[in-house]
Amino acid sequence: MIGNNVKHLAGYVIQHTRSLIIVLVALLSVALSLLAIGFVFRKLVDHGLGGDQISEIHSSIYLISLLIGIFSVGSFFRSYFINVITVKVISKLKSETYSNLLKVGLVQFEDLKVGDIISRLGLDIETIGSLIINFLSFFIRNSIMLCGAIILMFIQSPKLSLLVLISIPVLLFPLLKLSKHVRKLSQRVLIEQATLAANIEENFSGVRTLYAYNQQEFAAVQFDNRIESYIKHASIRLKLRSLFFALAIVVIAGSITVVIWIGSIDILEGSMSSGQMVSFIYYAIIVGMSAGGIAELFSELQGPLAALDRVFELKNLSHIIKPKQTSRLIGNNYTIKFDKVVFAYPSRPDIPALDNISLKIKHGKFTGIVGRSGSGKSTLMQLLLKFYEHQSGKISIGENDIKTLQDEIIRSKIAYVEQHPTIFSGTIRSNIAFSRPKASDKEVAKIAEICGILDFVKSLKQGLDTEIGERGVRVSGGQKQRIAIARALLYNPEILLLDEATSALDNDSEKKILQNIRVFMKGYSIISIAHRISSIENADEILVINQGTLASCGSHSELLRNSKIYGILYKEQEN
């Protein structure tokens, strides 16, 4: 899995060929300039200091200054272009993952937490950036310097070089042992971070409920417990990394100490010059730091690799494979039929929400739906919108079986208003125009008037352009419902679905807005799920749903005479 994800990430990086070439040239110039300084040190010590030649000292310092200049310029281009590549790659990855999430079936969102999605699209993707930077910058640079320094060490002294090379496997062996364990811990730490993000999102989204029940202290304790769990796993991971880092220091410092010891004896015996010794120690330090850097880098990569898995898990969420579907409706008749439909929610497969239900909703009529909570009323609307697929039976709009129609085509004809509508951050106007962003201000104002929105915005300084806060926190429940209904009417639907969409309004306001809706939707279909029967008494037809089946249907007066369930519901509300 990780190998495949790394290959996919490499595919994103390779798209930036020009910038990659600049990065590689810059890395090469940085590495070579640092390696060349070792030769200059040897020349400075042997010919300048040892030979007492002031000109050699000057030329050596000039050359070192030139190499430092090359190193600085190369470092600039390396750093700038690596970060540009990283920003472009993670931005594209974030965009594609977000787009993919908007295409998956709604069923999959039942298992996903919003906070976890935010964490993956935010922190995890940013963490992937460090994977790109570490590989392109530090791994390649350290690899070039490691190979170059080893070759140059052997030129100076093969005997001492073998002593230094022994330290490399000593560094790599514990790394290979720890890497799998560190990767699991890194995944656990990321999960803990995502859980924290989800907890924050849930608590502050429901902050009013939290305050209403005086559960601030309980929420704080819960959050502290999750923090402690995060600290526990993060501490173990950091302990392992610190242990490896301490081991690296001991091995590198020990190797260099042994080199100085043996090299000093070689100088006294005349088999090695002081300049060679200085140059060799310089390269030995580069080998030790490069090998240690690469090893440390591999331990550092476990976190980004775990983040890469989590992001690609979202990006690769599979879409539901459907048979070939048509992109247009046949005919202009939007009569809705449910024929022996059976459906159970994926989370409760053994409990049917709709049980062999058959019903007909005539085109151009105002149809009410009533029933007790959990009877299957809202499920009818969710199946009609193809939020879920029914297990058996047939649902049709006019002559069209909805299974043969593309989701987008069906939803282009239907507007849906929930009991607790989603209100987005922004203005009243932007929320109404969400369904049709290109609608003119005149059209928005007309719909706002129909829904009684202009009545309450008159007192607001900015009118329809008033900011209403996150999730519409600055408007009441009834005002949210008015905005949601206005959004649906602006969509110009053939079928309007109202799922207890006026429950937060008083009786007079409800009657007025429903009357306005019926005038606006004349000749089109209105389907209204109602808890208050008074809101659908004047419906052309009322369907009574009970335990996932159609118990009865008819007008209000007919149902009072013929339907026991309807009569009970009506009397309960009267009482």
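Numbers for the structure displayed
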{"read-out": "Hz values of 3J(HN,Hα) by residue in the range 305-313 - Karplus curve (6.51, -1.76, 1.60), Gly and Pro given as x", "value": "5, 5, 5, 4, 4, 5, 5, 5, 4"}
{"read-out": "Relative compactness, the range 336-574, computed as alpha-carbon Rg over 2.2 N^0.38 Å", "value": "1.03"}
{"read-out": "The chain: relative contact order in percent, alpha carbon pairs under 8 Å with at least 6 residues between", "value": "15"}
{"read-out": "Inverse mean reciprocal Cα-Cα distance (Kirkwood Rh) of the range 76-121, Å", "value": "12.5"}
{"read-out": "In the range 451-522, the trypsin sites (Lys or Arg not before Pro) that fall in loop regions by DSSP, at most 16 other Cβ within 10 Å", "value": "458, 461, 474, 522"}
{"read-out": "Label-point gap, in nm, between residue 220 and residue 55 - each point 7 angstrom along Cα→Cβ", "value": "7.9"}
{"read-out": "Between 0 and 90°, nearest 10: helix 216-269 axis offset from the chain longest Cα axis", "value": "20"}
{"read-out": "Fewest-first sequence of 553, 147, 451 by Cβ atoms within 10 Å of each Cβ", "value": "147, 553, 451"}
{"read-out": "Partner aspartates and glutamates for residue 394 [C-alpha distance under 15 Å; skip if fewer than 8 residues away on the same chain]", "value": "339, 355"}
{"read-out": "Entries of 365/403; 438/480; 340/571 with Cα pairs more than 26 Å apart", "value": "340/571"}
{"read-out": "Sequence-distant aspartates and glutamates (8 or more away, or on other chains) whose Cα lies within less than 19 Å of residue 159", "value": "266, 269"}
{"read-out": "Residue 430 paired with residue 271, simple spin-label distance in nm, labels 7 Å along Cα-to-beta-carbon", "value": "7.7"}
{"read-out": "Signed unit charges on C-beta, dipole axis of the chain, positive-most listed residue 109, 195, 166", "value": "109"}
{"read-out": "Charge dipole (debye, nearest 20) of the chain; +1 at Cβ of Lys and Arg, -1 at Cβ of Asp and Glu", "value": "1200"}
{"read-out": "Which of 403, 571, 386, 315 has the fewest Cβ neighbours within 10 Å, and the rest in rising order", "value": "571, 403, 315, 386"}
{"read-out": "Extension gain, residue 534 back to residue 442 (0.36 nm per residue minus Cα-Cα distance, nm)", "value": "29.8 nm"}
{"read-out": "Shape box of the chain [Cα atoms, principal axes, largest first, Å]", "value": "119, 53, 50"}
{"read-out": "Anchor residue 7: lysines whose Cα lies under 26 Å away (excluding residues fewer than 8 positions away in-chain)", "value": "88, 92, 94, 103, 177, 180, 184, 315"}
{"read-out": "Where labels lie 7 Å past Cα in the beta-carbon direction, separation of residue 113 and residue 98 in nm", "value": "2.3"}
{"read-out": "R0 of 45 Å, Cβ-Cβ distance residue 229-residue 79: FRET efficiency to nearest 0.05", "value": "0.75"}
{"read-out": "For residue 337, net neighbour charge (Lys/Arg +1, Asp/Glu -1) across residues whose Cβ lies under 11 Å away", "value": "+1"}
{"read-out": "At q = 0.10, 0.15 Å⁻¹, base-10 log of I(q)/I(0) for the range 2-315 (Debye sum, equal scatterers on each alpha carbon)", "value": "-0.73, -1.21"}
{"read-out": "Check: the range 270-387 dipole with +1 on Lys, Arg Cβ and -1 on Asp, Glu Cβ, in debye", "value": "1460"}
{"read-out": "Other-chain or far-sequence residues with amide H under 5 Å of residue 551's (modelled H)", "value": "544, 545, 546"}
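Just so you know, all these numbers are worked out from the coordinates, no wet-lab data involved. As the structure is a computational prediction, the values presented were derived from the model and not from experiment. Note that each Cβ is placed from the backbone with ideal geometry, even for glycine, and that neighbours are counted across all protein chains shown.
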